[in-house]
Amino acid sequence: MSREQLISMTRNLIAHGAADTMEYADDIVRVPASTYTDPALFELEKRNIFRRLPLMVAPSCELPEPGDYKAMDICGVPLLLARQRDGAAAAFLNMCSHRGNPVVADGTGNASRFTCGYHGWTFKNDGDLVGVASAKDFGAVDKAALCLKRFPVHESAGLIWATLDLDSKLSIADYLCGYDDLLSAFGFDGWTLFARRTLSGPNWKTAYDGYLDFYHLPVLHKDTFGADFYNRANYFFWGPHQRLSAPSKMATRVGSDVEEDLSLLGDSEIPDDALLSGVWTIFPHISIASFYGGGQRGAMISQLFPGGSVGESFTTQYYVMENQPETEADIKSAHEQFDFLEVVVRDEDYATGKRQHEALQSGMLKEVLFGKNERGGQVFHEWAAKLANANDEELLEIFAAEQREAAE
Ligand code: FES
Ligand SMILES: [Fe+2]
């Protein structure tokens with residue numbers, strides 16, 4: 001099923017590539033400039049998007065073994081992810097049920113239990129409260145009622161999602177609209193984490209815009225990707241999640257320099273790299289793109305979060321690889337690939353985004369434009385506004401409608 005969809009997208013790209021065309025949006029779209037600068041809207045987005053929708057919180061390979069954990073703050077919510085004994089991922093509110101201190105500091109590690117650093121209460125990594133310090137002095141408590149609180153969690157396609165709303169009724173699978181089936185073609189569930197770093201960026205939507213068009217590639221990235229880079233993309237949608245890829249009938253296989261004419265290949269001969277080309281974004285904050293370095297397939301997974309104020313965000317870049325590179329030369333080349341992408345994003349995309357944000361803060365430009373060739377940004381802003389403004393019932397109905405549409 002998912003391979004069929006990948007092939008039909010690839011055929012679409014080949015046909016447009018051969019005809020030297022692309023699919024356009026109906027019209028140019030205007031977005032109020034305040035969308036990027038309004039602190040009240042920013043608070044609404046943190047509450048109704050980041051603290052209410054499923055977020056891709058970690059690639060599975062960041063927590064490969066039972067006992068592996070990661071603690072992080074997302075928009076003020078302390079999250080603790082822990083790989084259980086049976087291999088399942090669990091997501092907890094990282095707050096001790098005694099008085100709320102996080103039971104483990106932000107970061108990653110491996111532990112079968114967490115002992116709170118304030119008064120010493122101890123929790124197993126499945127969230128159970130197993131030890132109340134000086135229990136007799138404290139007084140009798142119902143330990144079963146004082147476990148760590150669990151967030152909804154979902155793991156598929158080698159990625160882990162959690163919803164930072166303890167009462168969420170939105171099914172994470174429904175939210176994904178079948179998109180994770182397609183993402184599973186990357187094979188991330190068997191991959192490894194090579195390296196990870198976090199960069200600071202501008203307003204989260206200013207930063208995210210840059211992942212949603214190819215229009216800027218040969219201009220902003222002329223010194224890195226090159227001024228000849230193709231600037232057209234076709235867009236494919238699954239609910240708010242989208243893939244953009246350049247129409248092309250040519251492709252190069254991993255480890256080869258030879259361009260092949262895809263229009264001459266049968267469905268079973270189309271290489272995986274062509275099927276997965278372009279940028280895959282997961283609303284509201286993830287972008288995935290394939291790269292090669294270290295002698296094998298790799299991908300950059302960029303995970304974006306709003307920062308402390310409307311003009312700030314931070315992005316964790318995970319460089320995942322099919323296998324860990326082993327030789328010195330391969331390790332060096334994987335680092336070079338990863339470092340190159342840091343330079344592109346930090347010094348070109350985000351440096352521009354920060355200047356753009358400062359200028360928009362002047363309030364002197366009332367609206368910004370998304371062309372017919374920038375359908376990704378058009379659709380992203382439409383979804384961001386729709387989901388930020390929906391109440392909880394409307395949110396469920398939006399994704400129920402997506403399910404009904406997909407079933408038709
Ligand atoms: S807050 Fe954790 S033991 Fe007191
Ligand atoms: Fe860019």
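Please arrange HIS154, HIS119, HIS285 by counting, for each residue, the other beta carbons lying within 10 Å of its beta carbon, fewest first.
The order, fewest Cβ neighbours first, is HIS119, HIS154, HIS285.
Got a sec to turn the phi values of segment 63-70 into Karplus ³J(HN,Hα) couplings, 6.51 cos²θ - 1.76 cosθ + 1.60 with θ = phi - 60°, whole Hz, x for Gly and Pro?
So the J values, rounded to whole Hz, are 10, x, 10, x, x, 5, 9, 9.
In nm, to one decimal, how far is the ASP228 label point from the ALA401 one, both placed 7 Å along Cα→Cβ?
4.6
Using θ = phi - 60° and the Karplus relation 6.51 cos²θ - 1.76 cosθ + 1.60, list the HN-Hα couplings for segment 336-344 in order, rounded to whole Hz, with x at every Gly or Pro.
With the stated coefficients, segment 336-344 comes to 4, 4, 5, 5, 4, 5, 5, 4, 4 Hz.
Under the rule a/c < 1.5 gives rounded, and otherwise a/b versus b/c splits prolate from oblate, where does segment 219-289 land using the Cα gyration tensor?
Taking the square roots of the gyration eigenvalues as a ≥ b ≥ c, segment 219-289 is oblate.
Given all pairs of different Cα atoms, what value in angstroms does the Kirkwood hydrodynamic radius of the chain take?
Hydrodynamic radius (Kirkwood, Cα pairs) of the chain is 22.7 Å.
Could you line up LEU341, LEU365 from fewest to most neighbouring Cβ atoms inside 10 Å?
With the sparsest Cβ surroundings first, the list reads LEU365, LEU341.
Take the chain, connect every pair of alpha-carbon atoms lying under 10 Å apart with a spring to form a Gaussian network, then pick out the residue of LEU80, LEU166, LEU193 with the largest mean-square fluctuation.
LEU166
Enumerate cysteines in the chain without a disulfide-compatible partner, where compatibility requires another Cys Cβ under 4.7 angstrom.
Lone cysteines by the Cβ rule: CYS61, CYS75, CYS147, CYS177.
Using Cα pairs under 8 angstrom and six or more residues apart, how large is the relative contact order of the chain, in percent?
22
Using a 10 angstrom cutoff on alpha carbons, build the Gaussian network for the chain and name the most mobile of LEU212, LEU304, LEU182.
Judging by the Gaussian network model, the answer is LEU182.
Measuring from label point to label point, each 7 Å out along Cα→Cβ, what is the ALA18 to ALA111 span in nm?
So the two model labels end up 5.9 nm from each other.
Could you tell me the calculated FRET efficiency between THR316 and ASP392, based on Cβ-Cβ distance and R0 = 22 angstrom, to the nearest 0.05?
For R0 = 22 Å, the calculated efficiency reads 0.15.
How long is the gain from ASP86 to ASP142 if the chain were fully straight, where each residue apart is worth 0.36 nm and the alpha carbon distance is subtracted?
Gain on stretching ASP86 to ASP142: 17.6 nm.
Suppose every K and R has +1 on its Cβ and every D and E has -1 on its Cβ; what is the size of the dipole of segment 68-151 about the Cα centre, in Debye to the nearest 20?
The dipole of segment 68-151 has a size of about 100 debye.
Of the options GLY117, ALA227, PHE151, report the single residue whose Cα projects farthest towards the positive end of the charge dipole of the chain (beta-carbon charges: Lys, Arg +1; Asp, Glu -1).
GLY117
Per residue of segment 28-42, in order, report the coupling 6.51 cos²θ - 1.76 cosθ + 1.60 (Karplus, θ = phi - 60°) as ³J(HN,Hα) in whole Hz, putting x for Gly and Pro.
My calculation for segment 28-42 gives 6, 10, 9, 10, x, 4, 5, 3, 9, 10, 6, x, 5, 5, 4 Hz in order.
Tell me the net charge near ALA246. Cut-off is 15 Å between Cβ atoms, ALA246 excluded, with +1 for each Lys or Arg and -1 for each Asp or Glu.
-2
Going 7 Å from the Cα of THR198 in the Cα-to-Cβ direction, what parts of segment 35-61 have a backbone nitrogen less than 15 Å from that spot?
The answer is 57-59, whose backbone nitrogens lie closer than 15 Å to the label point.
Can you pull the one-decimal nm distance between simple spin-label points at SER2 and ALA135, each 7 Å off the Cα toward Cβ?
4.5
Which entries of LYS46/LYS169; LYS205/LYS386; LYS249/LYS386; LYS169/LYS372; LYS70/LYS332; LYS149/LYS386 have Cα-Cα distances beyond 25 Å here?
From the list (LYS46/LYS169; LYS205/LYS386; LYS249/LYS386; LYS169/LYS372; LYS70/LYS332; LYS149/LYS386), the Cα-Cα distance tops 25 Å for LYS249/LYS386; LYS169/LYS372; LYS70/LYS332; LYS149/LYS386.
Among ALA334, ALA91, ALA133, whose mean-square fluctuation peaks in a Gaussian network model of the chain (Cα, cutoff 10 Å)?
ALA133
If each residue of separation counts as 0.36 nm, what is the full-extension length gain between ASP189 and ASN101 once their alpha-carbon separation is subtracted?
Working it through step by step, the gained length comes to 28.4 nm.
Compute the FRET efficiency between VAL219 and ASP272 as 1/(1 + (r/R0)^6), taking r as their Cβ-Cβ distance and R0 = 45 Å, and round to the nearest 0.05.
0.90
All of the numbers you see were taken from the coordinates with simple rules; none came from a lab. If you're wondering where the values come from, they're calculated on a predicted model, not measured in any experiment. As a convention, Cβ positions derive from the backbone with ideal geometry for all residues, glycine included, and neighbour counts pool all protein chains shown.
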